[in-house]
1. Filter segment 137-177 down to the residues that are surrounded by 21 or more Cβ atoms within 10 Å (Cβ to Cβ) and in contact with a Leu (Cβ under 8 Å, 6 or more places away or on another chain) and list them by number.
2. Show the residue pairs that are 6+ apart or on different chains and have beta-carbon atoms under 9 Å apart, the first residue being within segment 175-199 and under 27 Å from L77 (Cα atoms), the second being surrounded by fewer than 16 Cβ atoms within 10 Å (Cβ to Cβ) and at pLDDT below 80.
3. Restricting attention to segment 110-129, which residues are assigned to a helix (DSSP H, G or I) and either surrounded by 15 or more Cβ atoms within 10 Å (Cβ to Cβ) or at pLDDT 90 or above (or both)?
4. Do we find a residue being of a type in the set (A, V, I, L, M, F, W, C), at pLDDT below 95, in contact with a helix residue (DSSP H, G or I) (Cβ under 8 Å, 6 or more places away or on another chain) and surrounded by 18 or more Cβ atoms within 10 Å (Cβ to Cβ) anywhere in segment 71-83?
5. Look through I66, I31 and report the one residue that is surrounded by 11 or more Cβ atoms within 10 Å (Cβ to Cβ), β-branched (V, I, T) and either over 25 Å from A182 (Cα atoms) or within 21 Å of the chain's Cα centre (by Cα) (or both).
6. Residues E90, E99: which one is within 30 Å of T65 (Cβ to Cβ) and free of Cβ contacts under 8 Å to residues at least 12 places away in the same chain?
7. Please specify each residue of segment 71-96 satisfying the condition of being assigned to a loop (DSSP other than H, G, I, E, B) and farther than 18 Å from P169 by Cα.
Amino acid sequence: MRYFLAGVALFALIVVSVAGFRGGLSRKPPIEIFPDMDRQAKLRPQTGEGFFADGLSSRTPVPGTIARGQPHLEIPLNTGREPGTTNFVEVNPMPITAELLARGRERFTINCAPCHGGQGDGKGVTSKLGMAVVGNLQDPRIVQQTDGEIFTTITGGKNLMQGYGPNLPIADRWAIVAYVRALQLSRLASLDEVPAELRASLNQKP
């Protein structure tokens, strides 16, 4: 016990000698265990900065940024729904162009094809690895869905499918919707839906 008390007293003496008494005055600089916590490399508002070409340290937000707590602009392009309602928009609000479909194909191949398959039939690589429940995008139930509902599913996910809202910009999600419609037409369209000038080419053998 005597040695224990001596050890405690010695430890207290060492702490006081190194750290000093709380509230005591000293001309010596304080001991900083983590100096970067006090002196961080940062840009101060309203000051000049040579790192950026315009010389300003205060930067404007990245285009499309929504501040925390700022309400999301409730328009069909952003939500996939009619303003002020819970109804999905019927038709893709993006102009359907070759460039949009090409982008949709690229994003679909990266994000969707592993599960849904390259043809959207639910026979992706995950089905070969034992994932039994994968949506078949050629299923009449999904074909009959509005474009806004498919967009909403991509954004927020459904059942076992995760949402891709944080990963894919809004324009890319609509591009995927457009490409999914193209996949469905490639499998389910009738001959009457093919323009007359192109029907003959369907009967030609390569």
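1. Selection gives L137, I154, W174, A175, I176.
2. Qualifying pairs under 9 Å: L185/E193.
3. I110, N111, A113, P114, C115, H116, T126, S127
4. Within segment 71-83, not a single residue is of a type in the set (A, V, I, L, M, F, W, C), at pLDDT below 95, in contact with a helix residue (DSSP H, G or I) (Cβ under 8 Å, 6 or more places away or on another chain) and surrounded by 18 or more Cβ atoms within 10 Å (Cβ to Cβ).
5. Details: I31 fails: surrounded by 11 or more Cβ atoms within 10 Å (Cβ to Cβ).
Just a single option satisfies the conditions, and that option is I66.
6. E99
7. Passing the criteria: E82, P83, G84, T85, T86, N87, V89, E90, V91.
The values are calculated or read from the model by the stated rules, or taken from the named source; none is laboratory data. Treat the numbers as computed from the prediction; the structure is a model and nothing was measured. Because the Cβ atoms are built from the backbone with ideal geometry, glycine has one as well, and the counts that use them run over all protein chains shown.
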